[in-house]
Amino acid sequence: MSAMWTVLLKELRDLARDRRTVTIALVMGPILMPALMIGILSLGAKKASAQLEQTLELPVAGAERAPNLVAWLDGQNVDVVAAPADVAAAIASQERDLVLEIGNDYAGHWRGSRPATVEIVYDASRQDSEIPVRRLERLLEGYSQQVGALRLLARGISPAAASPLLVSRRDLSTPQSRAGRLLAFLPYFLILTAFLGGAYLVIDVTAGERERQSLEPLLATPAARGAIMSGKIGAACVFGFASLLLTLLGFKFGFQFAPPLGARLDVSWGAVARILAILVPMLLIGTTLLTVISASVKSVKEASSYMSVLMILPIVPSIYLMISPVKNQLWMLTVPFLAQNQAIMAVLRGEALAPLEWAVYGAAGLGAGALLWLVAARMYHREKLAISA
């Protein structure tokens, strides 16, 4: 233990001398990433709110064929304007988000109490048109139901006769769970921070020292190689833990300064502590895995080449769950990356993990870290580890 602590403090002391690296890893990353993500979310929320509340400018082609509809839309916070001559070109050039076209046979069908045709022209690949199209669809649906009810009353028929089934909704979601759905990508960033938080230090203290030929004298000391390796892993875990903690604090205070999001999320110290406890096993797994990789390569450049692959691993469960959501099951808490994703989403949704779930998750995560530690220890006992390329 004495040798392990000596190596751990030595590596942290050496790292502290590289002030630029420490500043980027512990200040710039934990501040910029939360600020960027929260800024984008806040900007998107403000834009969506503005599109829902501001007057909808609606170009209408053939407005003279439906004066009653146009007059009704004017009273629903809609500004009816003339449609462009070339509707398709105007939408393709993003001059207009949508256009309402009223069919030539609208008046005849309307007088005959037959369904009259109106068409919403838009480009579904343009995100800006999504909210205006939904607003217009709801307005037209409301107008249709209102006119249909009046027609039935004019014929002495109760409008309720046309609705034999009344469907109501009871939403059991909470503001936290709805906000958690919007933050489905957040677990990826947190898992990536934990998984690769100590990557620079791990690669440098093994592959870097091997390349600089400073690892051989260290391994030649009387200290056990397992203690030396554990000290290096411990230093990387301390560095990664500091980076992860600062990142979580950045998100906590960032959400508190973003009222639309902070009011619907649990950003209490308890939630931060639970997420931190969830990510600690991933920190150990990432550090030990990088130690195994660094001990098996001949240079820092070769070890760094694995980073592109390792950065993809945490995003696989996030993408899969966004495309094909699954129900939480106990066995999922034993699968690296998937377990962290599901557990973090549960915290963001305001749900509590049962004691059994915590036990299974901790045993699986720490067990995987311990297994990788044994593999790394095995690699540290190889004589060719001390030989530089």
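The values are calculated or read from the model by the stated rules, or taken from the named source; none is laboratory data. This structure is a prediction, so every number in the text was calculated from the model and none was measured. Quick reminder, even Gly has a Cβ in these numbers, built from the backbone with ideal geometry, and neighbours come from all protein chains shown. Quick note on the areas: whole protein, heavy atoms, side chains included, nothing else; ligands and nucleic acids left out. Shrake-Rupley method; radii C 1.70, N 1.55, O 1.52, S 1.80 Å.
Considering only the stretch 245-264, how many residues are modelled with pLDDT under 65 and part of a loop (DSSP other than H, G, I, E, B)?
Step one: of the stretch 245-264, the residues modelled with pLDDT under 65 are 259-264.
Remaining after also requiring part of a loop (DSSP other than H, G, I, E, B): 263-264.
Of the residues in that region, 2 qualify.
Do you know which residues across the stretch 95-122 are modelled with pLDDT under 90, open to solvent by 70 Å² or more (accessible area, probe 1.4 Å) and of a type outside the set (D, E, K, R)?
Answer for the stretch 95-122, where residues must be modelled with pLDDT under 90, open to solvent by 70 Å² or more (accessible area, probe 1.4 Å) and of a type outside the set (D, E, K, R): Asn104, Trp110, Pro115, Thr117.
Pairs please, first residue from the stretch 4-15 and touching a residue at least 12 places away in the same chain (Cβ under 8 Å) and closer than 12 Å to Val205 by Cβ, second anywhere and open to solvent by less than 40 Å² (accessible area, probe 1.4 Å) and outside any helix (DSSP H, G or I), Cβ atoms under 8 Å, 6+ apart in sequence or on different chains.
Note: pairs meeting the criteria are Val7/Ala223.
Which pairs do you get when a residue that is at positive phi, found in the stretch 67-82, comes within reach of a residue that is among the polar types (S, T, N, Q) and at pLDDT below 90, reach meaning Cβ atoms under 7 angstrom, with the pair 6+ apart or on two chains?
Asn77/Thr55
Which condition from (1) open to solvent by less than 20 Å² (accessible area, probe 1.4 Å); (2) of a type outside the set (D, E, K, R); (3) more than 35 Å from the chain's Cα centre (by Cα) is the one that Ile91 breaks?
(3)
Could you give every pair whose Cβ atoms fall below 6 Å, whose first residue belongs to the stretch 91-114 and is more than 22 Å from Asp74 (Cα to Cα), and whose second residue is charged (D, E, K, R) and assigned to a loop (DSSP other than H, G, I, E, B), counting only separations of at least 6 or pairs across chains?
Partner pairs satisfying both residue conditions: Ile91/Asp123.
Of all residues in the stretch 311-361, which are over 12 Å from the mean Cα position of the chain (by Cα) and among the small types (Gly, Ala, Ser)?
Matches in the stretch 311-361: Ser324, Ala339, Ala343, Ala346, Gly350, Ala352, Ala354, Ala359.
Which condition from (1) surrounded by fewer than 11 Cβ atoms within 10 Å (Cβ to Cβ); (2) over 18 Å from Ala277 (Cβ atoms); (3) touching a residue at least 12 places away in the same chain (Cβ under 8 Å) is the one that Pro317 breaks?
Going through the list (1) surrounded by fewer than 11 Cβ atoms within 10 Å (Cβ to Cβ); (2) over 18 Å from Ala277 (Cβ atoms); (3) touching a residue at least 12 places away in the same chain (Cβ under 8 Å), Pro317 breaks only (1).
Would you please list the contacts, defined by Cβ atoms under 7 Å and residues six or more apart or on different chains, that run from a residue in the stretch 226-254 that is without any contact (Cβ under 8 Å) to a residue 24 or more places away in the chain to a residue that is surrounded by fewer than 22 Cβ atoms within 10 Å (Cβ to Cβ)?
Matching pairs, first to second residue: Lys252/Val267; Lys252/Val272.
Can you name the residue in the stretch 64-82 that is open to solvent by less than 30 Å² (accessible area, probe 1.4 Å) and more than 37 Å from the chain's Cα centre (by Cα) and, of all such residues, is farthest from Asp128 (Cα to Cα)? Please lay out each step first, then the result.
Kept after step one, since they are open to solvent by less than 30 Å² (accessible area, probe 1.4 Å), are these residues of the stretch 64-82: 66, 69-70, 73, 78.
Remaining after also requiring more than 37 Å from the chain's Cα centre (by Cα): 66, 69-70, 73.
Details: Ala66: 27, Leu69: 25, Val70: 23, Leu73: 21 Å.
Among those residues, the one meeting the criterion is Ala66.
Give the residue, chosen from Ala236, Ala227, Ala242, that is assigned to a helix (DSSP H, G or I), open to solvent by less than 10 Å² (accessible area, probe 1.4 Å) and among the hydrophobic types (A, V, I, L, M, F, W, C). Before you say what the answer is, go through the steps one by one.
Numbers: Ala227 fails: open to solvent by less than 10 Å² (accessible area, probe 1.4 Å); Ala242 fails: open to solvent by less than 10 Å² (accessible area, probe 1.4 Å).
That would be Ala236, the only listed residue that is assigned to a helix (DSSP H, G or I), open to solvent by less than 10 Å² (accessible area, probe 1.4 Å) and among the hydrophobic types (A, V, I, L, M, F, W, C).
Please go through the stretch 321-379 and give me each residue that is at pLDDT below 85, open to solvent by less than 60 Å² (accessible area, probe 1.4 Å) and among the small types (Gly, Ala, Ser), ordered by number.
Hits for the stretch 321-379 are Ser324, Ala346, Gly350.
Tell me, yes or no, whether the stretch 130-141 has at least one residue that is charged (D, E, K, R), under 32 Å from the mean Cα position of the chain (by Cα) and open to solvent by less than 30 Å² (accessible area, probe 1.4 Å).
Pass one, the stretch 130-141, residues charged (D, E, K, R): 130, 134-135, 137-138, 141.
Imposing the further condition that a residue be under 32 Å from the mean Cα position of the chain (by Cα) reduces the set to 130, 134-135, 137-138.
Filter once more, so that each one left must be open to solvent by less than 30 Å² (accessible area, probe 1.4 Å): 135.
Scanning the stretch 130-141 turns up at least one residue that is charged (D, E, K, R), under 32 Å from the mean Cα position of the chain (by Cα) and open to solvent by less than 30 Å² (accessible area, probe 1.4 Å).
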